[in-house]
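This report concerns only the one structure given below.
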Amino acid sequence: MGIVGVLCVAMAVFLAWGFLRLWDSSAQTRSLELAGLLGGGRQALLVTAHPDDEAMFFAPTVLGLTRLGHQVSLLCFSTGNYYNQGENRKKELLQSCDVLGIPPSRVMVIDNRHFPDDPSVQWDTTRVASTLLQHIGVNGTDLVVTFDAGGVSGHSNHMALYSAVRNLHSEAKLPKESHVLPPQPTPMVPSPLRALLPVHEDQHAAHPLSL
C-alpha cells in the first residue's frame, strides 16, 4: 500500500472516530435523559479508585453532568502509588479535574493503607462503604457515579467501589432522594474500531496508568 493509500485509511479511521464521538455524545445525553438528569441542581459524586480513572473512563459522563448544570465532586480512593508516583499523580489528577470542570475544592484524594493501589489486593467493601457514606453525608450528595460490576477494566480496586455502592443502595443507606447513575464509562477505543486496531480488552487492566 502506497503513502496515498495509508493516508486514505488513516483519514477514514479518523472520520469514523469523529462520527463515533458524536454518536457517543448523543447516546450519553439520551442516557442522562432516561435517568431524569437533564435538569440541573444535583450534587453529583464521582467515585474512583486511582488518579486518571476520571479521564480514562468517565470524562463524557462528567462533562455531560457539568454541562447540564449539576455540581460534580470527585472522591478518589487512592493516590495511585503503585509505581511510587503518588504525589505526581495527585497533581495530574487536579489538572485533569480542572479540564473536566471540577475545581480543587471539590476533589478529595484518600491516602490510606487500607486502600492501596494494587490489583492483587481486595479492598474491604464494608470499609469502603463506610468511608463513602461519610463523604456523601458531608457533601449532601444525591447522585453517585462509579464503576460497573466488572470495574470497566477488571481491576479489583474498581470492582470494590461498585460493590460498596451496590451494598449501600440495596441496604437503603443512601439518602432518600439519592440517585445512583448507571455507570457509563467510554472505552479507550470505540467498539467498531477495535477490529482495526491492535488493542485488546485485557490491556486495559494491564495499562500502567490505570494501576
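Bear in mind that the values in this text are calculations on the coordinates, not laboratory data. The shown structure was predicted, so the numbers you read here are calculated from the model rather than taken from an experiment. Backbone-built Cβ (ideal geometry, glycine too); neighbour counts: all protein chains shown.
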Problem - Reduced Cα scattering model of region 90-167, Debye log10 I(q)/I(0), q = 0.13 Å⁻¹ - result: -0.45
Problem - residue 98 paired with residue 148, simple spin-label distance in nm, labels 7 Å along Cα-to-beta-carbon - result: 3.3 nm
Handout entry: Around residue 160: net Lys/Arg minus Asp/Glu count, Cβ-Cβ under 14 Å
Key = -3
Handout entry: Formal net charge of residues neighbouring residue 113 (Cβ-Cβ distance under 14 Å; K, R +1; D, E -1)
Key = -3
Exercise for the section: Just order 116-124, 147-155 by mean Cβ neighbour count inside 10 Å, highest at the front, would you? Expected result: 147-155, 116-124
